[in-house]
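These notes are about the structure you will find just below.
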Amino acid sequence: MTPAAATPVAGSRLPAWLARGLLALWRLLDLLVPKRGDHWAFFTHPLKPGQFIENSRAVFEQVKADPALRKCVFVRASGARLHLEDARNTVVLPLASPAGLWALARCRVLLLTNSTSLDMSLQCRDGSYVAPRPLLRRRVVVNLWHGIPLKRLFALAHPRQRAHGDRDAFRRQERRHYAGLIASSDVDGYAMSAIFHPIPPDNVWITGLPRNDFLRQPEAALPRYQREALATLRAATRGRRLVLYAPTYRDAHVTGTAVRRFDDGEVARLKALLRAHGAVLGVRGHYLRNAPAPFAPEHHDEVLIDLGHAQHEEIAPLLREASLVLTDYSSVYIDALYLRLPVISFAWDLDHYRQHQNGLLYDMDLAFPGPVTTDFDGLLQALDAALGAGSPPAGERYEAARRLFFRHDDDANARRVVERLHAVLAGATA
């Protein structure tokens with residue numbers, strides 16, 4: 001792995017007008033430079049630019065030892081923690097640099113986490129953002145979307161969210177150029193096809209989510225940074241059972257209230273229940289944090305622990321250690337189903353969420369196989385029952401939810417993505 005240092009040409013050191021001008025010149029360069037099918041572009045997380053994680057990372061792990069592929073990992077933040085041990089023919093490049101923009105112009109394969117406008121976004125001196133506009137018709141673009149949507153997004157969102165989420169016209173247009181968009185099941189594939197309209201439906205790949213490989217692989221096969229995260233987590237839980245609490249993001253400009261804050265009395269009752277069951281609550285908020293955390297800082301102790309994104313980049317180690325997953329509408333519970341973990345929903349704003357926020361793609365009775373609680377007393381009762389059950393969840397309702405979301409039940413999701421990608425490249429050059 002060869003790190004490349006270069007002087008930034010766009011981003012926070014340049015005024016917006018100059019950054020836009022330089023990227024317009026780059027678009028001309030992109031038109032002229034031949035693309036190489038053995039040059040694959042990976043990007044750090046669009047909203048956590050110092051981290052190389054999730055589906056993109058899992059696909060990278062699948063190909064990192066292949067010397068025939070030139071893996072270009074583009075970073076947009078100094079001090080990025082990439083953990084690229086044992087990678088061959090891999091280069092790390094600041095996107096906002098001559099070397100980075102030249103390498104991007106040569107990459108035929110773009111592996112996106114979200115979209116070009118987010119994965120390649122660069123902040124200007126005035127706080128605005130610009131992004132390269134790559135020529136998509138000369139490339140193989142695959143969107144490695146991070147999860148299985150439970151909420152309505154993009155084309156299926158409520159009008160107000162749709163206008164906000166699709167305010168970048170290029171982001172809408174690029175969907176028709178995707179050679180691949182990953183999905184986890186037939187039903188999920190139909191949903192993704194609608195959400196990412198106008199993608200051709202045949203270009204939705206039901207490969208499973210590559211990052212779910214991290215849930216099922218033997219621990220020794222995990223990347224080293226995830227094994228280290230497991231050790232850190234085990235030191236914090238000290239043999240006690242982990243209840244993972246991971247609420248979803250709420251659009252504050254629509255909701256007015258983006259978090260359900262637990263008061264002192266509720267926290268005391270919750271901790272007493274956890275202690276009685278030899279458990280701890282690990283709190284992992286959404287990385288798009290737009291409101292105070294659900295628990296005040298003084299509530300955190302050896303029973304209520306912080307499992308935030310700064311300390312724990314990937315959620316896979318947390319899920320591997322969890323005994324139970326508590327959420328509201330976050331699709332993290334679907335990942336928990338992959339591990340056959342019990343799940344509870346604390347849907348304190350269910351009616352408002354359905355009617356005024358993102359809304360839900362599926363009826364909760366169909367898609368969520370655990371208790372759906374709407375008040376604190378109901379939440380405590382559900383936690384008490386789940387922690388006291390002593391056996392994995394079972395039953396037709398639980399199995400139906402797993403069938404709804406998973407076609408594959410293994411640790412070969414990344415391999416299937418890479419195989420499809422090679423097939424597309426071979427077909428394009430045949």
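A few comments on the model shown:
- Screening residue 427 against (1) without any contact (Cβ under 8 Å) to a residue 40 or more places away in the chain; (2) open to solvent by less than 40 Å² (accessible area, probe 1.4 Å) leaves a single unmet condition, (2).
- In summary, helices (runs of 4 or more DSSP H) completely within the range 311-387 and bearing 3 or more residues that are at pLDDT 90 or above and within 28 Å of residue 235 (Cβ to Cβ) occur at 316-321, 332-338.
- Members of the range 56-73 found to be touching a residue at least 40 places away in the same chain (Cβ under 8 Å) and touching a Ser or Thr at 6+ places or on another chain (Cβ under 7 Å), listed by number: 56
- Verdict on residue 189 being of a type in the set (Gly, Ala, Ser) and at pLDDT 95 or above: yes
- Restricting attention to the range 50-76, the residues that are within 17 Å of residue 311 (Cβ to Cβ) and surrounded by fewer than 23 Cβ atoms within 10 Å (Cβ to Cβ) total 2.
- Test result for residue 209, modelled with pLDDT of 95 or more, under 28 Å from residue 385 (Cβ atoms) and surrounded by 13 or more Cβ atoms within 10 Å (Cβ to Cβ): no
The values are calculated or read from the model by the stated rules, or taken from the named source; none is laboratory data. Keep in mind the model is a prediction, meaning the values are calculated, not measured. Using ideal geometry, Cβ is built from the backbone for each residue, glycine included, and neighbour counts are taken over all protein chains shown. What goes into the accessible areas is simple: the full protein's heavy atoms, side chains included, and nothing from ligands, DNA or RNA. Shrake-Rupley method; radii C 1.70, N 1.55, O 1.52, S 1.80 Å.
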